[in-house]
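*Asks:* Shown below is the structure under consideration.
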Amino acid sequence: MIAMQGVYKTYPNGVTALNGIDVTIEQGEFVYIVGPSGAGKSTFIKLMFREEVPTKGTIKINQMNLPKMKWKQVPYLRRDIGVVYQDFKLLPKLTVYENVAFALEVIEEAPKSIRRRVMQVLDQVGLKNKARFIPDELSGGEQQRVAIARAIVNHPKLLIADEPTGNLDPDTSWEIMKILDEINASGTTIIMATHSKDIVNTIKKRVIAIEGGLIVRDEHRGEYGYEI
Ligand code: ADP
Ligand code: ADP
């Protein structure tokens, strides 16, 4: 599904964030990305939905060649990819329902099917009864569940999560992991950058460790491998 070859990324300020990445990830995998701060994890993740372009190398996602992609093709790529962030990034003035529906409205779905799909996905994350709330009226865990609902409403093949539990307490983090695990069980590939040793060492998945812009470890059912 994802194939990176010889990927380098140097930012305009001269900082090299990725230093020759080679990796393949198959459809349906669940992959943790671990490593110290500044290692290149976010950059690695951003390349996959073309938030950044590599300085050198090839990136293929579902046969699409990202570095060569034209601007007008990028929305088609992103339609297949859901993204979840540490700070949720919900639209504060919109209700839960509207935050999730928005992703479907921009691709011009029929109103009736939007309604059905939004309520279905809110049910999946346990928030059907909070559809009329605005983000400020929700707990952090609930806001992250809205963000997950928004990310998957379009049935993406790939879900990318950049430290999705980074702002949440341990109990809430486990709830979020349960939802991500269920999404993965339905066939969606999940790539999750995390600093949670507990999560990585408990819910065993493939672990890719990045240090200094290089993959230094790639293990099936791996360990977190750092003290914090
Ligand atoms: P991580 O997610 O592992 O903390 P990042 O990919 O965010 O690592 O950062 C890797 C390196 O690239 C760091 O040195 C960081 O300061 C630098 N970096 C990240 N984003 C930018 C940017 N937009 N412009 C310049 N340097 C950046
Ligand atoms: P029911 O089928 O139980 O009558 P609805 O499908 O009418 O429920 O709506 C369920 C919830 O979804 C409502 O509480 C409402 O908050 C929300 N909702 C439905 N449609 C919209 C909409 N267009 N905008 C905002 N919220 C909506």
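*Asks:* With respect to residue 65, is the statement that it is touching a Gly at 6+ places or on another chain (Cβ under 8 Å), surrounded by fewer than 20 Cβ atoms within 10 Å (Cβ to Cβ) and either without any contact (Cβ under 8 Å) to a residue 24 or more places away in the chain or not β-branched (Val, Ile, Thr) (or both) true? Walk me through it before giving the result.
*Replies:* Numbers: touching a Gly at 6+ places or on another chain (Cβ under 8 Å): no; surrounded by fewer than 20 Cβ atoms within 10 Å (Cβ to Cβ): yes; either without any contact (Cβ under 8 Å) to a residue 24 or more places away in the chain or not β-branched (Val, Ile, Thr) (or both): yes.
Criteria not met by residue 65.
*Asks:* Now for a different question. Please specify each residue of the range 178-209 satisfying the condition of being of a type in the set (Val, Ile, Thr) and open to solvent by 10 Å² or more (accessible area, probe 1.4 Å).
*Replies:* Step one: list which residues in the range 178-209 are of a type in the set (Val, Ile, Thr), which gives 179, 183, 188-191, 194, 199-200, 202-203, 207-208.
Scanning the range 178-209 gives 179, 188, 202, 203.
*Asks:* Within the range 31-134, which helices (runs of 4 or more DSSP H) (wholly inside it) include 3 or more residues that are within 14 Å of ligand 1 (Cβ to nearest atom)?
*Replies:* Working: elements: 41-48, 74-79, 96-105, 111-124.
Counting at least 3 such residues, we get 41-48.
*Asks:* Give the residues of the range 31-79 that are of a type in the set (D, E, K, R) and under 19 Å from the mean Cα position of the chain (by Cα), sorted by residue number. First the steps, then the outcome.
*Replies:* Of all residues in the range 31-79, those of a type in the set (D, E, K, R) come to 41, 46, 50-52, 56, 60, 68, 70, 72, 78-79.
Scanning the range 31-79 gives 41, 46, 50, 51, 52, 60, 78, 79.
*Asks:* For the range 1-22, which residues satisfy the criterion of being more than 7 Å from ligand 1 (Cβ to nearest atom), among the aliphatic types (A, V, I, L, M) and either open to solvent by 10 Å² or more (accessible area, probe 1.4 Å) or not assigned by TED's automatic domain parsing to the domain that holds residue 66 (or both)?
*Replies:* 1, 3
The values are calculated or read from the model by the stated rules, or taken from the named source; none is laboratory data. All values reported here derive from a predicted model rather than from experimental measurement. Note: ideal-geometry Cβ built from the backbone for every residue, glycine included; neighbour counts use all protein chains shown. SASA here: full protein model, heavy atoms, side chains in, ligands and nucleic acids out. Shrake-Rupley method; radii C 1.70, N 1.55, O 1.52, S 1.80 Å.
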